[in-house]
Amino acid sequence: MMPRRRSLVREAGARVDRPITGAAILCVLALTACSGTQSATEEPAPSQAVPLPTGGIAGEPVSVYPLTMLVTQESLGWERFVQPRREALDRADSLIAAFLTERAPEAVWVLPDELRTAARRAPGMLVQPDQMATSLLRTPFEQVPDPLRIQLRGLTGVAGGKYAFIPASLVFYAEAENQGRAELTMVLVDVRLGRPVWRSVAEGTATDPWSATWIALKTLVPGLP
């Protein structure tokens, strides 16, 4: 907070205490999607982040992949914050790493630099994580497409464990009163199955991108200051 695996999928804020199976994951995801539908007369529900399933991954090594997609709305005027691009990506990765290690210490987080080192040790066999098309996972999916599925399984397996935590995209949108909104899409993938066990779109609003990103991340572990 394992000798027996527990499901990582959350529904209505409760953990499902069942062994993880592909069929169970798909069933719960389908029920969650159906419960979110609305009639044409209903007001749309506000977007809410799905808490990180820390109980289900306690003690497990989880590979944290680097962010590869970072985009800002031009009217926001935050270009000065997100250039050079490589520095902006590294800063986002450092925030994600700090958040995970400080606020979700239950898992054994294998951070991006460790993945890069592992990939360098097997050139031609493993793909560098920065060169993987992880941004494809920013839209909901049932199966990770190839060759990304094979690449994730190979590198995550070398790093240890079966779970990959993937920040698929970070997008900044203009808001009122000179503020911007960070929209951070993240998925947790069981690389052996090539399927998601958790997905969340976290949002945070602030006057600079990094404060907005941190606020968005904090919604993944509610109850902490």
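Quick notes on this structure:
- On the stretch given as the stretch 163-199, residues that are under 24 Å from Ala98 (Cβ atoms) and of a type in the set (D, E, K, R) total 3.
- Per-region count, the stretch 160-184, residues over 21 Å from Pro147 (Cβ atoms) and hydroxyl-bearing (Ser, Thr, Tyr): 1
- Hey, Val127 among the β-branched types (Val, Ile, Thr), modelled with pLDDT under 95 and over 15 Å from the mean Cα position of the chain (by Cα) or not: no
- Taken over the stretch 75-115, the criterion of being in a loop (DSSP other than H, G, I, E, B), farther than 22 Å from Arg153 by Cβ and either under 21 Å from the mean Cα position of the chain (by Cα) or among the aliphatic types (A, V, I, L, M) (or both) is satisfied by Val82, Ala104, Pro105, Glu106.
- The stretch 67-86, residues that are on the phi < 0 side of the Ramachandran plot and surrounded by 11 or more Cβ atoms within 10 Å (Cβ to Cβ): Leu67, Thr68, Met69, Leu70, Val71, Thr72, Gln73, Leu76, Trp78, Phe81, Val82, Gln83
- The number of residues in the stretch 58-74 that are farther than 17 Å from Arg116 by Cα, within 14 Å of the chain's Cα centre (by Cα) and in a loop (DSSP other than H, G, I, E, B) comes to 1.
- Matching entry among Glu106, Glu102 (being of a type in the set (D, E, K, R) and surrounded by 15 or more Cβ atoms within 10 Å (Cβ to Cβ)): Glu106
- All positions within the stretch 172-225 that are touching a Lys or Arg at 6+ places or on another chain (Cβ under 8 Å), among the basic types (Lys, Arg) and more than 25 Å from Thr54 (Cβ to Cβ): none
The values are calculated or read from the model by the stated rules, or taken from the named source; none is laboratory data. These numbers were taken from a predicted model, which means no experiment stands behind them. Heads up, the Cβs are rebuilt from the backbone with ideal geometry, glycines too, and the neighbour counts pull from every protein chain shown.
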